[in-house]
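The values are calculated or read from the model by the stated rules, or taken from the named source; none is laboratory data. Remember, it's a predicted structure, so these values are computed and weren't measured experimentally. No Cβ is skipped: glycine too gets one built from the backbone with ideal geometry, and neighbour counts run over all protein chains shown.
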Amino acid sequence: MNVRRQEVAAARAPKHSAPSRSVDPPKPKLRVVPTLRARRRRASAVGLVGCTLAFGFLIGLTAFQAQLAQNQIMVDQVARDLRAEQLKFDHSRLQVAELQAPNIILARARKLNMHPAAATNPLSYIPSSPEIVTEVLIAASGGPQVQVPSASSTRPDWAAYKQITGETK
Amino acid sequence: MTSTAAAVRLARAPRPARTRRRLVSVYVVFALMFLAIVVRVGLVQTTQAAAFVNDGESKRLHTTKLPAGRGTIFDRSGVEMAMTVPATTIWADPRLIKGEAKETVLAQLVQALGMDAKEAQQLATKLNSNTEGFVYVRRQVDDDLAEQVRQLHLPGVNFVAESRRYTPAGDLAVSVLGSTDVDGKGTSGLEAQYNDTLTGKAGSIEREFDLKGHSIPNGKDFTTPPLPGNDIFLTLDSRLQYATDRLLEARVIETGAKGGFVIAIDSQTGDVLVMSNVRVDPGTKQAVVSTANHSLVDAYEPGSVAKIITASAALEEGASDLEQTWDIPRSVVSQVDGSPSTGFKVDDRVITDAENHEARQMNLPNIIAHSSNIGTVKLAQAVGAAKINDYFHKFGFGSVSGLGFPNETPGLFPKFENISKSRRATMTFGQGIGVTGIQLVGAMNIIANNGTYVAPRLVKSTMDLAGVEHLSPPSETRQVLKPTTAAQMNQVLQGVVCFGTASEKHAADINGYAVAGKTGTAFKAQNVKGQADGYKDKLGQYHFVSSFAGFAPAESPRVTILVSLDEPQGEFRYGRSGAAPLFAQVGAEALRALKVPPSPPEALCPPSSKK
């Protein structure tokens, strides 16, 4: 049994042949390697740039944060100003409302020695000029919507009324 | 050299087992501690993370409520009648006021806020509480006053911005506007009726603050802006309202009345221009503007003003014309106790006129001009009781006006089937029914408005946040009388002013304008137990309501006015002497405010007509 195994192993073993002289073995590519000093200098430069960038980034970040904080203070200030202006507006509105109030107007007028008229006597229009009357009435009422009293509408005929009611006065 | 070598040998000697065990123990302890830290960090970062975040936020995040301004109520010209203004509420945390400081704080607050003894006592009780962390010192004070208190730098006293309802013109139209509670919710009047329209939606600011109170940059900042309520524009004229209030106050005092009200409406649109309510303060005996709207929530017997309905029905139904005469029997009221003795009998009741007279003939204009009860009953009998009942309803009696005003009463108008014959008779001249002022002025306005009923209106429009005005729908209208009937009644009512009950002393005259109207002197129900006559009080005395309803200019009506005085005394108890002069004053103011041109001379009462 052992003999057989040895035969098989021998058969599977690679056969060593003599190296061929026509094929050169591959050579590693050669490159110029910087000197140790140069390598150190470059590493230092990279480190310096990195540190500078990091420092700059941190400075920038700080500045950005400072700007944000400053803006936030401004926002707070604007909010306060807004509230103050709103209050001022409300107070002004209140003052206007009070000045428009009839009791205030009357009180001021009395201070100025103004008094309501004891009686009002409206001017009568001239019956003979209906066109002028119409024009004046429209102007007095501030627009053309005025209903000019017509002679025939609901004006009572007092003579007839007296006949009906028997009034003698 | 030899000793050094020995020392090296000793150092390199194998460690004893005990040392190794110690090291292992230390490793295990540190490992467990590290594991515990890792577990704790894990828990903090996972399951407990939300709780910690919330806890942190609750300390940094402050939510400020932004109160929504309640809408403003304007008059018809855009003058503010009720508005919301900024105010400050002062509150205290009694737990932060230690020991003797409490008395100092209390004394300074009492002095600064001008508190009376009762208020001071209440505040002292609050401040002495050791459990309460929040007590109101005073709500909604003026900012100036709050600033004075702030300058005192009292410990435990704090301030919060709020708003309060304010009426720039004081008590002007307060019975119409109503009121709000301290939280700005409408509790009466238009403030309650239009509470949903006027109420805005509160907003809030959520922002992160540091310990010094500065907002944190990049922190949370959520703002929900408040949405103010809508504004309301009324039909009231604030200046006319003010003038009427003063005139009514003076008239109430002059006549010795308990109070009174005046309503003026635009004859064509039904817009309520004035709604004035005045009562006499029993304590001071001064007439003051009432907070209750008696013209809408109280019903009273209108008296002779209601005769316009009976007369209109008679003309409309053809039961009478202007010339037809009616036999009016002799009418005498006993001078002993005022009980009717001779008159016109209806069922179990004797109807009499206000003034004694012999039997006579009267036509419809005369019946109305001289306010004959008997004549009115005869007109009603000619029309028919059922139809008269219908006309009362058509004129708006027995149902609310449509204003939607809180607690408005429909009045007292029993079902026709339940009304006795005698009461059907008295109803025709305004006794035995209850109406509101707004119903009565609406009824009179039917004649002014060519026979068309136009429902009264108090709100002209609303304005939303965008400034868009939403006009209220036009008032409901219905034709009640033919225009010719209304024109006839117009003339009849001018006769009342020129020749009739209102002609005495030029009672209802408005200088330069033709006026139509009707007086009313109504018994006021007393309903005293044991008194057979429901109109007599305990002492057997009658009480009266004096009214005058009319419109001007009669030839082209612009304003319809009702004046009603509650229990005027002595000679002022009649409509002609109590209410009519006030009608003339208010009418003059209204016509001037509306810039109505004077009537043509031919339309005015003939000079010889006046008594």
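Here's the yes/no breakdown for (1) within 14 Å of chain A (Cβ to nearest Cβ); (2) modelled with pLDDT of 90 or more; (3) out of contact with any Asp or Glu (no Cβ under 7 Å at 6 or more places or on another chain):
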residue	(1), (2), (3)
B:Ala161	yes, no, yes
B:Ala169	yes, yes, yes
B:Ala173	yes, yes, yes
B:Leu177	yes, yes, no
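Among B:Leu565, B:Leu539, which is at pLDDT 95 or above, more than 14 Å from every other protein chain (Cβ to nearest Cβ) and within 20 Å of B:Ala257 (Cβ to Cβ)?
B:Leu565
Quick check on the stretch B:356-373: of everything there that is within 14 Å of chain A (Cβ to nearest Cβ) and within 9 Å of B:Ile328 (Cα to Cα), which residue is surrounded by the fewest Cβ atoms within 10 Å (Cβ to Cβ)?
Taking the candidates together, the pick is B:Gln361.
Mind listing whichever residues of the stretch B:398-437 are among the aromatic types (Phe, Trp, Tyr) and under 22 Å from the mean Cα position of the chain (by Cα)? It would help to see each step written out before you state the result.
Initial filter on the stretch B:398-437 (among the aromatic types (Phe, Trp, Tyr)): B:405, B:413, B:416, B:429.
Hit for the stretch B:398-437 is B:Phe405, nothing else.
If you check every pair at least six apart or on different chains, which have Cβ atoms under 9 Å apart with a residue in the stretch A:63-89 that is facing chain B (nearest Cβ under 10 Å) first and a residue that is part of a helix (DSSP H, G or I) second?
Hits for this filter: A:Leu87/B:Asp143.
Go through the stretch B:77-100 and count every residue that is closer than 30 Å to B:Leu236 by Cα and either free of Cβ contacts under 8 Å to residues at least 60 places away in the same chain or β-branched (Val, Ile, Thr) (or both). First the steps, then the outcome.
Within the stretch B:77-100, the subset closer than 30 Å to B:Leu236 by Cα is B:77-87.
From what is left, the residues that are either free of Cβ contacts under 8 Å to residues at least 60 places away in the same chain or β-branched (Val, Ile, Thr) (or both) are B:79, B:84-85.
Qualifying residue count for the region: 3.
Tell me, which residue of the stretch B:45-76 that is of a type in the set (D, E, K, R) and free of Cβ contacts under 8 Å to residues at least 12 places away in the same chain is farthest from the other protein chains (Cβ to nearest Cβ)?
B:Asp55
Can you find, within the stretch B:256-280, the residue that is surrounded by the most Cβ atoms within 10 Å (Cβ to Cβ) among those that are of a type in the set (Val, Ile, Thr) and in contact with a Lys or Arg (Cβ under 8 Å, 6 or more places away or on another chain)?
The extreme case among them is B:Val272.
Quick check, is B:Thr89 of a type in the set (Ser, Thr, Tyr), part of a strand (DSSP E or B) and crowded, with 20+ Cβ neighbours inside 10 Å?
No: the conditions fail for B:Thr89.
Specify which of the listed residues (B:Asp171, B:Asp143) is within 30 Å of B:Asn407 (Cα to Cα), acidic (Asp, Glu) and out of contact with any His (no Cβ under 6 Å at 6 or more places or on another chain).
B:Asp171
Which of the residues that make up the stretch B:202-218 are surrounded by 15 or more Cβ atoms within 10 Å (Cβ to Cβ) and part of a loop (DSSP other than H, G, I, E, B)?
B:Ile216, B:Pro217 - these are the residues of the stretch B:202-218 that are surrounded by 15 or more Cβ atoms within 10 Å (Cβ to Cβ) and part of a loop (DSSP other than H, G, I, E, B).
Considering only the stretch B:564-606, state which residues are over 18 Å from B:Gln494 (Cβ atoms), hydrophobic (A, V, I, L, M, F, W, C) and outside any helix (DSSP H, G or I).
Those that are over 18 Å from B:Gln494 (Cβ atoms), hydrophobic (A, V, I, L, M, F, W, C) and outside any helix (DSSP H, G or I): B:Leu565, B:Leu594.
Please specify each residue of the stretch B:451-484 satisfying the condition of being within 12 Å of another protein chain (Cβ to nearest Cβ) and either of a type in the set (Val, Ile, Thr) or surrounded by 19 or more Cβ atoms within 10 Å (Cβ to Cβ) (or both).
If we filter the stretch B:451-484 for residues that are within 12 Å of another protein chain (Cβ to nearest Cβ), which is where we start, we get B:451, B:483-484.
Listed by number, the residues that qualify are B:Gly451, B:Thr484.
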